[in-house]
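I have placed the structure first, in the form of structure tokens, so that the comments after it can refer back to it.
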Number of protein chains: 2
Amino acid sequence: MQLNKSDLEKMEQRYRATFINSLAGFKTALLIGSKSADGFSNLAIFNSLIHIGANPPMYGFLCRPDTVKRDTLSNILETNYYTFNYVKSEDYKKAHQTSAKYEREVSEFEKTGFTETYINNFFAPFAQEAVVKIGLRFEEKIDIKINGTILIIGSIENIEMNADIISEDGFVALEKENVLACTGLDAYYHSDFIGRLSYAKPERWPEKID
Amino acid sequence: MQLNKSDLEKMEQRYRATFINSLAGFKTALLIGSKSADGFSNLAIFNSLIHIGANPPMYGFLCRPDTVKRDTLSNILETNYYTFNYVKSEDYKKAHQTSAKYEREVSEFEKTGFTETYINNFFAPFAQEAVVKIGLRFEEKIDIKINGTILIIGSIENIEMNADIISEDGFVALEKENVLACTGLDAYYHSDFIGRLSYAKPERWPEKID
């Protein structure tokens, strides 16, 4: 099937949102933990972790200011600290439930059954059940003028995870913790490892290294 | 295991790159097709498709100007057109091989065995074997000053895919085409569908809808 620009324009708006969101492919389901200056904690699912750089270690995510997830954005801009949490596949219903429109004063931790936890006095809350917990400090907000979305970049302050899933060369085997993946706004996946390949060179084909 | 900022700083540089890249989570393996103004075609693997917006439909990707993938960037800035291609899991070695440092005049299509193909006079080449083919027009280049990476945003001009994987509500079931996923720079995955969930509301838990 071929679709052109005018076919996309003619799509009913909700259909197009579902189509373009899911067509964007697989991502890790990302639960962002944050807390307002007046102490209300928040946990919300995103699917847009962006690897910005390794030196220094920085991750980004995209935010639409008009969505239910604006609490996350305002907490980050207010307090500078937030967390990324990866959960196990079996927690997909709880993870999805964090997307419900709870009032600002209501904690998604309480409502969805993730346990609010703190590590080494880091300001923002983590989900205790998360198998990978990453604490970030806000670094930069980039306004994407073309459609009003916002790219939030943070530097990694701390990480808690199982050391057993890190290979000798630094590779993190997320599949060993059964980390939840997703597409679009409501579809969840489990990822099966195929293999790691050697560094590709023009003169020879890659080999399986793991 | 807990790691703090100073632990990350102390990591050997290549170890840290592997660690931070793979920790960033699952992504669809994305082959970007492009062609220089003087006619040299290029195909290169990226893992950073970013859903920018659905109305109008726009996707982004991140580019590090100092990598082997600079041909892709210069082709896009020169010609304005490029393609996103998703391939099947079984093509993971060919997909990885597109990351080898071929000379600018060498076509990764030829060297890796993907078939260069064109759709409706669209300027940039697609990989014929790709199960999802998306043609994009360059819209905006955003310099991320904090570390010199570049966000390239494009609007979707055309799409070719199997209509059978699109649900009634617009959802694209990429797993039905066995679309290749990856983490980091060299690890490949197959994704198993768990389920889609109903729109989350505070007053009730999500149900499986598919």
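Details
- When each of B:Ser107, B:Ser167 is tested for being touching a Ser or Thr at 6+ places or on another chain (Cβ under 7 Å) and more than 25 Å from A:Tyr59 (Cα to Cα), the lone residue that passes is B:Ser107.
- For B:Glu168, the criteria (1) loosely packed, with under 15 Cβ neighbours inside 10 Å; (2) modelled with pLDDT under 95 hold in every case but one, which is (2).
- Positions within region B:150-180 being within 9 Å of chain A (Cβ to nearest Cβ) and β-branched (Val, Ile, Thr), in sequence order: B:Ile153, B:Ile156, B:Ile159, B:Ile166, B:Val172, B:Val179
- Within region B:47-61, being assigned to a strand (DSSP E or B) and within 12 Å of A:Phe61 (Cα to Cα) holds for B:Ile50, B:His51, B:Ile52.
- Count of residues meeting criterion [within 17 Å of the chain's Cα centre (by Cα) and open to solvent by 10 Å² or more (accessible area, probe 1.4 Å)] in region B:142-160: 4
- B:Gly25 vs. criteria at positive phi and modelled with pLDDT of 95 or more: yes
- Residue under evaluation A:Phe46, criteria (1) open to solvent by less than 20 Å² (accessible area, probe 1.4 Å); (2) out of contact with any Asp or Glu (no Cβ under 9 Å at 6 or more places or on another chain); (3) modelled with pLDDT of 95 or more, criterion not met: (3)
- Only residues that are more than 14 Å from chain A (Cβ to nearest Cβ) and surrounded by fewer than 16 Cβ atoms within 10 Å (Cβ to Cβ) were counted in region B:49-73, giving 1.
- Residues (farther than 24 Å from A:Leu31 by Cβ and facing chain A (nearest Cβ under 8 Å)) located in region B:31-48: none
- Of everything listed in (1) closer than 30 Å to A:Gly148 by Cβ; (2) buried (at least 16 other Cβ atoms within 10 Å of the Cβ); (3) of a type in the set (S, T, N, Q); (4) within 8 Å of chain A (Cβ to nearest Cβ), the single unmet condition for B:Gln97 is (1).
- Qualifying strands (runs of 3 or more DSSP E) (wholly inside region B:77-184; at least 3 residues being among the β-branched types (Val, Ile, Thr) and touching an Asp or Glu at 6+ places or on another chain (Cβ under 7 Å)): none
- Single unsatisfied condition, B:Ser99 versus (1) modelled with pLDDT of 95 or more; (2) polar (S, T, N, Q); (3) under 16 Å from the mean Cα position of the chain (by Cα): (1)
- Some residue of region A:153-161 being under 25 Å from B:Ile146 (Cβ atoms), modelled with pLDDT under 95 and among the polar types (S, T, N, Q): no
- The set of residues in region A:76-93 that are over 17 Å from A:Gly154 (Cα atoms) and either surrounded by 23 or more Cβ atoms within 10 Å (Cβ to Cβ) or in contact (Cβ under 8 Å) with a residue 24 or more places away in the chain (or both) comprises A:Val87, A:Lys88, A:Ser89, A:Glu90, A:Asp91, A:Tyr92.
- Which numbered condition B:Phe109 misses (of (1) without any contact (Cβ under 8 Å) to a residue 60 or more places away in the chain; (2) open to solvent by less than 10 Å² (accessible area, probe 1.4 Å); (3) over 14 Å from the mean Cα position of the chain (by Cα)): (1)
- Residue list for region A:116-136, restricted to those being at the interface with another protein chain (Cβ under 9 Å from one of its Cβ atoms) and open to solvent by 20 Å² or more (accessible area, probe 1.4 Å): A:Asn120
- Summed over region B:4-42, residues that are open to solvent by less than 40 Å² (accessible area, probe 1.4 Å) and part of a helix (DSSP H, G or I) total 9.
- When region B:185-210 is limited to residues that are part of a strand (DSSP E or B) and more than 7 Å from chain A (Cβ to nearest Cβ), the one that is least open to solvent (accessible area, probe 1.4 Å) turns out to be B:Arg204.
The values are calculated or read from the model by the stated rules, or taken from the named source; none is laboratory data. Since we're looking at a predicted model, the values are computed, not measured. Note that each Cβ is placed from the backbone with ideal geometry, even for glycine, and that neighbours are counted across all protein chains shown. Surface accessibility is based on the protein's heavy atoms, side chains included, excluding ligands, DNA and RNA. Shrake-Rupley method; radii C 1.70, N 1.55, O 1.52, S 1.80 Å.
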